[in-house]
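J.: Take this structure, written in structure tokens, and hold onto it; I'll ask about it next.
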Amino acid sequence: MDARGAPLTPPLRRAAAGAAVALAALAAPLAAHVGAPDQWFAGPAGPYAVRVLIRDPGVVPGWAEVVIRTPPGVAQVGAAPFFWATGPGGAPAPDAATAVPGEPGLWTVRLLFLKTGAYGVRVTIDGAAGRGEVTVPFAALPRRTLAMDPALGAVLGVLGLVLVGGAIAVIGAGSREGTLPPGERPDDAARVRGRRAMRRGAVALATGLGIVALWWRVEDVVYRRNLYRPWEAAARVEPGPAGGRVLVLEVTDPRWTDRARRDWAPLIPDHGKLVHAFLLPADGGPSLAHLHPVPVDSSRFRAALPPLPAGRWRLFAEFVTEDGLPHTAVASLALGAPDTAWAPGDADDAWHAGPAGDGATRRADLGDGARVRLVGPAAPVAGAEADLAFEVENSDGAPAEVEPYLGMAGHAVVAREDGAVFVHLHPAGTASAAAAAALTVRRLADTARGAVAGRLAAGDAHAVHAAHATRAAPARLPGSLRFPWAFPSPGRYRVWVQVKRGGAIRTAAFELQVAPGAPARG
């Protein structure tokens, strides 16, 4: 019902319902940096080793700053975005990046993302070694709203009043004097007619402005309702069929469960797994479980639960859909006394309940005679680029080797103590290999859901190449690990690094205090 007691029309009912949903969503606590909005990539672009940072614009449409670091000898750098649905063939000509004065090898360019969804950013490098290219997947998602500058708002308000007043004056003058011969002064009747016209004009303008204001508010409600937030999920523990405990993860978010939504897309494996689930203690302790639940159906997944300590736990589960979008589901879980009977459901499942590394020596024991040394950053500052660097070393301090773990030398997990920041890092950055594969194999004819996922499951040669799986990983890799990233906000963080040695996945935990600071240019 409206203010007069009349029933609301269907459009207004939808707008009111949208407003209620939006207000409820805004009232709920959101994890602002879950899933790492900025995209980091480190790897080869043809003959060049490059690092690419795509700063998330936060709004869509919006401008993203792309920062590229290159080796010496590069003459020109370019970047161009293309939408997932169009494929690489739909990419425009690259925009030329500008060299940053006083920063050799640092280039920057701004790219406009007009539509929400998955993109690829094609980076081109031209230099002495010829041309190199690399495509970095990027998800353009609305994460915030922009506030108008108060001074600008005041100026626009004054100008608006002047325009409205001028329009009313023009309406009155036109009605009062528009039909008079030149030089004749209006009589009383003309003046009355002019005043009436001005009143009618004021009512019409006020009505029009009210309609525009209502439209703007509805658009704002819809935009706020569609702001990115992690998937809603529920987690529980059930007895295992052969003893032990089983973690059951259920995605309850309607964005996933409502198959009628146009944007629904099936899951694709990332590093060979449909789901990467991480359990972190809610009290910020050093324990960690990295599991890979298997699907029971389209929304439920199960994994054998290791004997984690009793208490409250935060669960972060990562998925990638075939449209190239990464998703993070968030849930909480209360665990009772641990059950020591644990048989991993996946050979790559791992857990850690040991102490954190020594803050003075910046070393953590791996449990097999080797240690992990935290090389950097020495004094992390929020917003500043500072690779997380680790060295695996033997007990005598000599460099040690590791075995490939999910196709790479190691993984890192970073979480702020309050759970507001969570990210899963790889040596190649935050860019998803599955998203890169989907971007590579997508064809214009792929209009049916599941077409890209089916091709990926069948081992499409291009997809395998895009996921960096065609090169046979050596049995041993250097134990020197670097993860490109920047802490998004100050606070106390827990950092876990995982490597594989002797066929076992081993974890080291560290604690870092991140100081406030302004974002660096890259």
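J.: Rounding to the nearest 10 and keeping the result within 0 to 90°, find how far the Cα-based axis of helix 10-27 lies from the longest principal axis of the chain.
T.: 40
J.: Another question, if that's okay. Return an integer: the convex hull volume of the alpha-carbon atoms of the chain, in Å³ per residue.
T.: Here the figure is 225 Å³ per residue.
J.: So, one more: Just the accessible area for H271, please: 1.4 Å probe, Å², rounded to the nearest 10?
T.: Taking all protein chains as shown, H271 has close to 50 Å².
J.: Per residue of the stretch 337-349, what does 6.51 cos²θ - 1.76 cosθ + 1.60 with θ = phi - 60° give for ³J(HN,Hα)? Whole Hz please, x for Gly and Pro, Karplus curve as stated.
T.: My calculation for the stretch 337-349 gives 4, x, 9, 6, 7, 9, 10, x, x, 9, 4, 9, 6 Hz in order.
J.: Sorting check: for 55-65, 498-508, which peptide has the highest mean count of neighbouring beta carbons within 10 Å, and how do the rest follow?
T.: 498-508, 55-65
J.: Another question about this same structure. In whole angstrom, how long is each semi-axis of the equivalent ellipsoid of the stretch 44-105, when you take the square root of 5 times every eigenvalue of its Cα gyration tensor and sort them from largest down?
T.: Semi-axes, largest first: 23, 16, 10 Å.
J.: Just to make sure I understand: if all protein chains stay in place, what is the order of T328, T86 by accessible area at 1.4 Å, largest first?
T.: Working: T328 10, T86 60 Å².
Per-residue accessible area, sorted high to low, gives T86, T328.
J.: Continuing with the same structure: Pull up all non-local amide H partners of D253: gap of 5 or more, or a different chain, and H-to-H distance under 5 Å with H placed in the peptide plane.
T.: E232
J.: How high is the relative contact order of the stretch 372-415? Use alpha-carbon pairs under 8 Å, at least six apart in sequence, and give a whole percent.
T.: Numbers: 39 pairs, mean separation 12.2, N = 44.
Relative contact order here is 28 percent.
J.: Considering the options V497, V67, L366, tell which one lies farthest towards the positive end of the dipole of the chain, charges being +1 on Lys and Arg and -1 on Asp and Glu at the Cβ, about the Cα centre.
T.: V67
J.: Using the alpha-carbon centroid of each, what span in Å lies between the stretch 213-248 and the stretch 58-74?
T.: That distance is 31 Å.
J.: Tell me the Rg and the Dmax, in Å, that the Cα atoms of the stretch 175-218 produce.
T.: My reading of the Cα-based Rg and Dmax gives 15.6, 49 Å.
J.: Starting at the first residue of the stretch 359-368, write each ³J(HN,Hα) from the Karplus equation 6.51 cos²θ - 1.76 cosθ + 1.60 with θ = phi - 60°, in whole Hz, x for Gly and Pro.
T.: x, 6, 8, 6, 10, 9, 7, 8, x, 10
J.: Sorted by accessible area (1.4 Å probe), largest first, how do S298, S395 line up?
T.: Working: S298 55, S395 90 Å².
Ranking S298, S395 by accessible area, largest first, yields S395, S298.
J.: Now, a different point. Determine the per residue accessible area of the stretch 250-378 with all protein chains present and a 1.4 angstrom probe, expressed in square angstrom.
T.: 41
J.: If you don't mind, another one. For the stretch 139-212, what does the accessible surface come to per residue with a 1.4 Å probe? Please give it in Å².
T.: Ligands and nucleic acids excluded, the figure is 70 Å² per residue.
J.: Within the accessible area of the chain, what % is carbon and sulfur when the probe is 1.4 Å and the other protein chains stay in place?
T.: Here it works out to 60 percent.
J.: With N set to the residue count of the stretch 320-364, report its C-alpha Rg divided by 2.2 N^0.38 Å to two decimal places.
T.: Relative to the 2.2 N^0.38 Å estimate, the stretch 320-364 comes out at 1.81.
J.: Cβ neighbours within 10 Å, averaged per peptide: list 92-103, 277-288 in order, most packed at the top.
T.: The densest-packed peptide leads the list: 277-288, 92-103.
J.: So what J values fall out for the stretch 64-72 if you push phi through Karplus, 6.51 cos²θ - 1.76 cosθ + 1.60 with θ = phi - 60°, rounded to Hz, Gly and Pro as x?
T.: 10, 8, 10, 10, 10, 9, 10, x, x
J.: Please report the relative contact order for the stretch 242-346, taking Cα pairs under 8 Å with a sequence separation of at least 6, and give it as a percent rounded to a whole number.
T.: Details: 204 pairs, mean separation 32.3, N = 105.
Relative contact order here is 31 percent.
The values are calculated or read from the model by the stated rules, or taken from the named source; none is laboratory data. Because the structure is predicted, anything quoted here is derived from the model rather than measured. Positions of Cβ are generated from backbone atoms using ideal geometry, with glycine treated the same way; all protein chains shown enter the neighbour counts. Keep in mind that these areas ignore ligands, DNA and RNA; they rest on the heavy atoms of the full protein, side chains included. Shrake-Rupley method; radii C 1.70, N 1.55, O 1.52, S 1.80 Å.
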